[in-house]
Amino acid sequence: RAVGSTRAGEPACASLQFAGAQLRARSVDLERHDPNSAAAMAGGGMAVVAQLSCMEPASARDLRSPARKSPKESDGSGFNMPRPQSVEIASLSEAKTIEQSEILAERFIASKPLKAYAKVCSKGSEKADGEPRRRKRKDDVHPLRRLVLNKVPFFTWIRACDCRSVRSDIIAGITVGVMVIPQSMSYAAIAGLPYINGMYSACIPTLVYAFFGQSRQLAVGPVAMVSLLVEAGLRGQLSQEDCPEWYAMGGEASGRAQYQVCPEQYVNLACLTAAVVGIMQVVGSILRLGFLVSFLGHPVTSGFTSGAAIIIGLSQLKYMLGYEIPKSQFIHDTVGNIIKGLGGFNYMSFILGSIFLLYLVVNKKLSQRYKRLKMLGPMGPLVSCLVGILMMFAIPQLSNDFHVKHVGKIPSGIMPMSLGAFRTGDIAKVLPTSLSSFLIGYMESIAIGKNLASKHGYDIDAGQEMLALGLSNVVGSLFSCYPVTGSFSRSAVNNSTGAMTQLSGLVTAIVMFATLMFLTPLFFYLPKFVLAAVVLNSVIPLVALGEAMHLWRVKRNDFLLWVVAFLGTLFLGVLEGILVAVSLSLIIVIYESVRPQLTILWRIPGTTIYRNMKQESSGSFIPNIFICRIGSSLYFANAQYVKDMLLAYVTDVEDVNLTEYLVLEMTPVISMDSTACHVIHDIVSDFRSRGIEVGFAMIGNRVDKTMGKAKLKDFIGEQWLFPNVHEAVVHCLRHQYAKNQMIECGTEGATDELDVTNINVGFSNEVGFSNDMHGEDTTVFITLSHDVPMIMSEVTAIFKKSQLNIIRAQIEPLVDDGAKHIYYLRSIKSGTKLSETEITLVR
């Protein structure tokens, strides 16, 4: 009775001799054949022996492995003879299977903190019988020490350092340190802060992250996006008590920002923002709130980043054009101010700034294109600063006659403490800014960190990364720093220059500390147009118009989100743009959730396989049976929609195929609330009142428990719950036959209690085709209600005539002397699946 499968060869192959005039191919057993043995074939009560010397010795498992490519030989007829290889599907031992199940169950519980806490409170850390929930690995590490090693990775990576890694980390750390000096000054200006606060923010948080962060290549410090969020969020937040001079000048009407009039109070507010961001991140790591960044999907962040990059770039034009432009987060205001101030255009600043910007752009391109010049990229900003300083120092006329602006005095020494400047009454003012900085900053940082970790073959924990960023911001806020996160550009440089551990971050912090202590006087003559060129060079690649076109081709909803985030950021403001885009994202999510996909299934002829009618083009419907798959979990918001759509579908097709049975495939439904239970009850009641029975197939464990508790299973009836769709269809056909017999006999009674167990459902002669069942081949199903002698020879002759290769063939016996043939075909002309024309011809 064994059912074998083999790759079909030419029926007239000289080495395959059939004995007997009446061969009925019922079962082919190829499990134990070798070059000197024959395969036993049984059929029609006759034993027939065939010599299989034309095939390479292999087991049937070898012949059933189409995924492995192997050299092939042709017998001249177009049919390929394979040289297969074998691989076995093995089972894990019972003990390890049980242990793995327990481990996965624990992980499931651990992923739900509230459920895990409730379980610990109710049962403790051990099972009722006193045995541990699962066997722990042998580990002699003290729990406190393990906790310290997990939360402070410094003690782990410092022991793994060797001469090679230390040398690489020193080079990478110095390179990033050199790069971050002008960047931190530029980003501080974007945030409305003095240059020195940007340098502070590139030192202390970087040092803290090196102790607590898990990413070995991530460079933490000031970034353009968070700087823009800080400036946009803190604009106008100083009260009249904090900044009376600004209000005395007329407030916004004065054309000056609060940070220009009251810089010290503004710095205190920015440091408080960093503290609140850090606290949010620490609390978020404890409560595992990293999922919140999921609401900032890729289209939203890409659109926001593109819009913010344009706002940042426009804010730096005043240093390139040489005249004061009031800063605004609205693009129309900024463009209008640029046009109004054209009378103060300074051509010298513009020419020099354009030259430096061109140098930075070309320098970056060359470093990316040629490996030998890769160090030029990170060194570009420092070279620009040095050349600009020397030029301003050597040519005083640039400042005196051409009015080219430079940085001026920058204080040196240890960063001052800012703890005493915090006021709890100001927390409400900085809360929106802190929340947006927390989400954007963490999302950017974890994306960069995970990408670098995957490239180097190690893992990082999202919760620990959030904790590390939180501690970096909290500690940094005590030393006059504003919010920081991982930088894409500096992390890329850190990685490309060979950083191997977090030691590179320590080296960067040391470089910044040395700069703060001894080198700040050197930046006195640094031209502001150089810093503007550094910022412009950094933000130009962030304008992702190409990504918008890609989203247009892939999914229009995502393109809409990108456009809304982009235009919202430009015209509504930075925070408002994010809010609008996230709100639209939630609306789309809710819309998709309350309108789950309902998939109509039909059967592939000759099989018991039921597929999506949109996916499978060669299916057929079953008379009087409507099969539908519910595409998501059911809850109060979408249950009524499912009911309305089912009624609409059944009503639409009643003139073509009157529905007597509705089968609901429940595989995607993994949960169901009480409202959904009521709606399911209404669906069954409503359809039964219309003379339509409802069956449920493939109900999951959680849904089954919920339906049991709601007494739905008792109401529906156990006889209408099935393990798969085919059994549901078979039961419906039996029930229909019994019901019709009862009607013909004039018998009255309840149709839902009919005894259908003695009714057999057989197969008819059918031929089905599928181009979706297999990745490389077209699958042909032939079902025969009664097997026919030599039918395989006739079928393969048709395939040969149609210039088709038989890749694999399988024959299965059916009840009542039937047979099922399955063939995997490829076109000889194209070498791929059959076209619709070829399928029509073969059919």
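Descriptive notes on the structure:
- Within-13-Å neighbourhood charge of Phe722 [Cβ basis; K, R +1; D, E -1]: -3
- The angle between the Cα long axis of helix 376-394 and the main principal axis of the chain comes to about 20°, on a 0 to 90 degree scale.
- Neighbourhood charge, 12 Å Cβ-Cβ cut-off, centred on Ser827 and excluding it, Lys, Arg +1 and Asp, Glu -1: -1
- In this simple spin-label model, placing a label point 7 Å from the Cα along the Cα-to-Cβ direction at both Glu744 and His774 gives a separation of 4.1 nm.
- Pair-distance profile P(r), taking every C-alpha pair of the range 677-779, with 10 angstrom steps and integer %: 12, 34, 30, 18, 5, 0
- Computed from phi, the 3J(HN,Hα) profile of the range 650-662 under the Karplus parametrisation 6.51, -1.76, 1.60 (θ = phi - 60°) reads 4, 5, 5, 9, 5, 7, 9, 9, 4, 7, 10, 9, 10 Hz, with x in place of Gly and Pro.
- Full extension of the chain between Lys340 and Asn724 gives 131.0 nm of extra length, using 0.36 nm per residue less the Cα-Cα distance.
- Using R0 = 60 Å, the C-beta based FRET efficiency linking Met391 and Ser93 works out to 0.20.
- The residues of the chain have, on average, 49 Å² of accessible surface per residue, using a 1.4 Å probe with all protein chains present.
- The range 502-608 - percent relative contact order, Cα under 8 Å, separation 6 or more: 11 percent
- Note on Ser827: accessible area approximately 0 square angstrom, rounded to 10, probe 1.4 Å, nucleic acids and ligands left out.
- Degrees, to the nearest 10: 674-689 long Cα axis against longest axis of the chain: 30 degrees
- Entry for Cα extents along the principal axes in Å (calculated from the structure that is shown) out of [x] 73, 62, 61; [y] 110, 66, 65; [z] 95, 77, 61: [y]
- Counting only protein heavy atoms and a probe of 1.4 Å, the accessible surface of the range 516-649 is 68% carbon and sulfur.
- Over the C-alpha trace of the range 451-530, radius of gyration and Dmax come out as 15.6, 45 angstrom.
- Formal net charge of residues neighbouring Ser384 (Cβ-Cβ distance under 14 Å; K, R +1; D, E -1): +2
- Taking amide hydrogens as placed 1.01 Å from N in the peptide plane, the amide H of Val663 sits under 5 Å from those of Phe626, Ile627, Cys628, Gly695, each at least 5 positions away in sequence or on another chain.
- Taking 0.36 nm per residue of separation and subtracting the Cα-Cα distance, full extension of the segment from Lys151 to Glu241 would add 28.2 nm.
- Structure-based [θ]222 nm, the chain - -39500 (n - 2.57) summed over DSSP H runs of at least 4, per residue, nearest 500: -16000 deg cm²/dmol
- Difference of contour (0.36 nm per residue) and Cα-Cα distance, Arg107 to Thr651: 191.2 nm
- Counting only DSSP beta bridges with both residues in the chain, the antiparallel share comes to about 80 percent.
- Once the Cα atoms are used to define both axes, helix 528-539 deviates from the longest principal axis of the chain by about 0 degrees.
- Remark: accessible surface ordering of Val642, Val594 (largest first) is Val594, Val642, probe radius 1.4 Å.
- Residue-wise HN-Hα coupling along the range 466-471, computed from phi with Karplus coefficients 6.51, -1.76, 1.60 (Hz; x: Gly, Pro): 5, 5, 4, 5, x, 5
- Accessible area of Lys800 in the full protein assembly, 1.4 Å probe (Å², nearest 10): 100 Å²
- Each of Leu366, Leu314 has its accessible area taken with a 1.4 Å probe; listed largest first, they run Leu366, Leu314.
- Cross-link pairs beyond the 31 Å C-alpha cut-off, checked among Lys705/Lys820; Lys365/Lys405; Lys643/Lys820: Lys705/Lys820; Lys643/Lys820
- Mean sequence separation of contacting Cα pairs (under 8 Å, at least six apart), scaled by the length of the range 313-363, corresponds to a relative contact order of 39 percent.
- Label-to-label distance for Ile158 and Gln803 is 7.4 nm, based on points extended 7 Å past Cα in the beta-carbon direction.
- Across the protein chains, with a 1.4 Å probe defining accessible surface, the residues Ile630, Ile389 rank Ile389, Ile630 from largest area downward.
- With DNA, RNA and ligands ignored, accessible area of Arg808 (1.4 Å probe; Å², nearest 10): 30 Å²
- Estimated inter-spin distance, Ser412 and Ile587, nm [label 7 Å along Cα→Cβ]: 5.7 nm
- For the chain: relative contact order, % (alpha-carbon pairs under 8 angstrom, 6 or more apart): 16 percent
The values are calculated or read from the model by the stated rules, or taken from the named source; none is laboratory data. Fair warning: this is a prediction, and the values are worked out from it, not measured in the lab. Reconstructed Cβ throughout: ideal geometry from the backbone, glycine too, with neighbour counts over all protein chains shown. What goes into the accessible areas is simple: the full protein's heavy atoms, side chains included, and nothing from ligands, DNA or RNA. Shrake-Rupley method; radii C 1.70, N 1.55, O 1.52, S 1.80 Å.
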